[in-house]
1. So which residues in the range 270-289 are open to solvent by less than 70 Å² (accessible area, probe 1.4 Å) and assigned to a helix (DSSP H, G or I), if there are any at all?
2. Output the residues belonging to the range 63-80 that are of a type outside the set (Phe, Trp, Tyr) and not in a loop (DSSP other than H, G, I, E, B).
3. Taking the range 79-95 on its own, how many of its residues are among the hydrophobic types (A, V, I, L, M, F, W, C) and more than 16 Å from Ile42 (Cα to Cα)?
4. Within the range 169-180, take every residue that is open to solvent by 60 Å² or more (accessible area, probe 1.4 Å) and among the small types (Gly, Ala, Ser) and give me the one that is modelled with the highest pLDDT.
5. Filter the range 241-263 for residues that are open to solvent by less than 20 Å² (accessible area, probe 1.4 Å), assigned to a helix (DSSP H, G or I) and out of contact with any Asp or Glu (no Cβ under 7 Å at 6 or more places or on another chain) and give the result.
6. Within the range 181-240, track down each residue that is in a loop (DSSP other than H, G, I, E, B) and open to solvent by less than 50 Å² (accessible area, probe 1.4 Å).
Amino acid sequence: MNAINQLLDTLKIEANVHHNGQYCGNWAVDTSGSQKMTFHVISKGKCFFKFDGEAIELNEGDVVFMPSDAQHCVTNLLSSNLTVNASQALPMTQAVEEESTGLVCGNFAHQHPVFEKLVTQMPRLIVVRHNDNDTVGRIVELILEEARGSNQHTNVLLNRLADCLFYLLVRSHLDVSNGVFAAFAHPQLNIAMELMHQQDCNQRLSLDELASAASMSRSAFSNLFKEVVEQSPMDYLTQWRMTQAYRWLADDRITTLDAALRCGYESESSFSKAFKRVMGIGPGQARRD
């Protein structure tokens, strides 16, 4: 697993498909307000997506994805004063005489403080057309197939397919001009990033070793890393280790002392201070979340 996949895996983003149905007549839907990343897949027919004063026509197989929760409207009418979320959807398996629009709607939940920093590196809206991307298109086809044959609003397979869709969208649409993901794409910094992510947390990694991996002098490496990532190399290394520590505390419920030792800290108190500085919460709260 390369470093970027390891980072995304540690953040544990999980999809929740909360709607799978079709709308008839005139209708308008807004799923904002969850404080989560939102997505819509058009599983049948066509509609309009209104966002930031623009109206985008969407057709069967198209996907819209909003990394940050934002007000929007999916509707069958380009201009109307319809009350949003007033129409009742029918199951996808129910035949209708008039034309209808099928929607698969969901969001992506996460429980990791670091993820908010990564969301800022993504556009506010991603629109993927059915034939834009072969890999995304194959996942969308599977989502469409499952959605059309399901009587349920949600099911496990739709959630897992949506997970795949998320990772593909993130990988394809990250801003790599600066920030963490820019370092992964950088011809010199990426080697140092891989080294940081491959190294065991309890093993000390010096600035000299990172600079040597990038075939740069210590000062040149430090300056370039800070310019691209907007953090010093050692600050990022600490952040990555605390990112892993958060998972151990939240998922495995290990003690703060065990987390400290795994991260190479000899003192529980010094680990706790570093954890709270990076994560914004203490180890105890992470264990309770």
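The values are calculated or read from the model by the stated rules, or taken from the named source; none is laboratory data. Since we're looking at a predicted model, the values are computed, not measured. So basically every Cβ, Gly included, is an ideal-geometry build from the backbone, and we count neighbours across all protein chains shown. Please note that ligands, DNA and RNA were not included when accessible areas were found on the heavy atoms of the full protein model with its side chains. Shrake-Rupley method; radii C 1.70, N 1.55, O 1.52, S 1.80 Å.
1. Looking only at the range 270-289, we keep the residues that are open to solvent by less than 70 Å² (accessible area, probe 1.4 Å), and these are 270-272, 274-275, 278-284, 286-287.
Within the range 270-289, Ser270, Phe271, Ser272, Ala274, Phe275, Val278, Met279, Pro283, Gly284, Ala286, Arg287 qualify.
2. Hits for the range 63-80 are Val63, Val64, Met66, Cys73, Val74, Thr75.
3. Count: 4.
4. In this case the residue turns out to be Ser172.
5. Correct list: Met242, Thr243, Ala245, Tyr246, Leu249, Ala259.
6. Taking the range 181-240 as the starting set, the residues that turn out to be in a loop (DSSP other than H, G, I, E, B) are 186-188, 199-206, 214-217, 230-232.
Result: His186, Gln199, Cys201, Leu205, Ser206, Ala214, Met216, Gln231, Ser232.
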